[in-house]
Every structure is written in structure tokens, then in C-alpha cells.
Amino acid sequence: PACGHGLGIGKRDAAVMDPQHRHFIECAWEALENAGYCGDSYDGAIGVFAGSGPLMSSYLASDTHVNPALFGPSGSREHIGNDKDYLCTRVSYKLNLRGPSINLQTACSTSLVAVHLACQSLLMGESDMALAGGANAILSPLGTVNLTKAGFSTPEGCVRAFDAGAKGYVRGEGA
């Protein structure tokens, strides 16, 4: 990497890290790398504005990935490190970024609101550069099946936000 170091995620941390966090950190690193910047050598403030899916994605507690380290006290390192409220601060720490680090949750609009807050931070001079977005991992079809049965999902698979022809929504996954 141009920064001269990796992400600093050891095997133990990777084994218990929420995949939403891991994927978002990788995307953040790649965005900076592709832009030719690095937290270690950049003197300005790089802000991080983002949100992720629910506390400890279904993957970490699913039957396919039972990890006994995640079933201890709720204040354990594994629980705290995977909480949705630590996504941005973890990215800022791992990439040595020194701008605002704002975690947010606004349901379906989290990534869009993150972009809005990043733009405000740039305009106000709080950040010289900003990373904004979100991460969500849908690892069980059960939620989607239930939402479809309840009539929340669009029958045609097309989202028409704020349109008179809107008929539902589509769940998003990725970073």
C-alpha cells in the first residue's frame, strides 16, 4: 500500500470482526489509496461519516458462524468492537485519520445522510477530505421473505423514491 502499512487487523480481530465493519474499512482504505492519499502522510483533516447495519450483523450470531467469543458479557472487547457505533471511529483509528468521525443511523437513508453530513463538513471547513457511506450485510433471506410477504418490498424490484408510482422498497447490501 502507498501508506506503507496494511490495515493492522490481526487474525484474532478478523475472526470476530463484523463483516460490515471489515468491508467498510477495506472500501475506505481503497478509496484513499485510489485517490493517492494516506492518513499517515496527509496533514489535513479527513472525516468519516457512515453507518452500518444492526448491532453485530446476523452473520456473527448465525448458525453458520457461531463464535463463542461473542456470547460473553455485552461489554466485552468483541461486542464493543462490533457495535454499529464504532464503525467510523474504527476506520479513523486504523487509517490514522484526524478529521470528524461521525456514526449515524437513519434507517434506509443512512448512506445518503452520511454524504450530506460529509458535504456540510467540507463546506464548513471541518474536513479537508471526507469518506462517506454505509455498510450492510444481509446474510439470511428470512427478513426479506417476511417483508415481501407483508407487502413492503416492491413487486417489480425497482425503487421509485418520492414517486407517485412507488410500490415498495428493495433491501440493499454491500458497502
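Values as computed for the structure displayed
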quantity: Members of segment 126-158 that are out of contact with any Phe, Trp or Tyr (no Cβ under 6 Å at 6 or more places or on another chain), open to solvent by 70 Å² or more (accessible area, probe 1.4 Å) and of a type in the set (A, V, I, L, M, F, W, C); calculated: Leu142, Phe152
quantity: Helices (runs of 4 or more DSSP H) (entirely within segment 41-99) containing at least 3 residues that are at pLDDT below 60 and either open to solvent by 30 Å² or more (accessible area, probe 1.4 Å) or closer than 30 Å to Gly125 by Cβ (or both); calculated: 58-61
quantity: Single residue of Ala118, Ala161, Ala166 found to be outside any loop (DSSP other than H, G, I, E, B) and not basic (Lys, Arg); calculated: Ala118
quantity: Residue, farthest from the chain's Cα centre (by Cα), within segment 7-40, restricted to residues that are without any contact (Cβ under 8 Å) to a residue 24 or more places away in the chain and open to solvent by less than 50 Å² (accessible area, probe 1.4 Å); calculated: Gly10
quantity: Residues located in segment 1-33, provided they are modelled with pLDDT of 80 or more, out of contact with any strand residue (DSSP E or B) (no Cβ under 9 Å at 6 or more places or on another chain) and farther than 16 Å from Val48 by Cβ; calculated: Ile9, Gly10, Lys11, Met17
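The values are calculated or read from the model by the stated rules, or taken from the named source; none is laboratory data. Since the structure is predicted, the reported quantities are computational estimates derived from the model, not experimental observations. Note that we place each Cβ from the backbone using ideal geometry, even for glycine, and neighbour counts take in every protein chain shown. These accessible areas exclude ligands, DNA and RNA; they are computed on the full protein's heavy atoms, side chains included. Shrake-Rupley method; radii C 1.70, N 1.55, O 1.52, S 1.80 Å.
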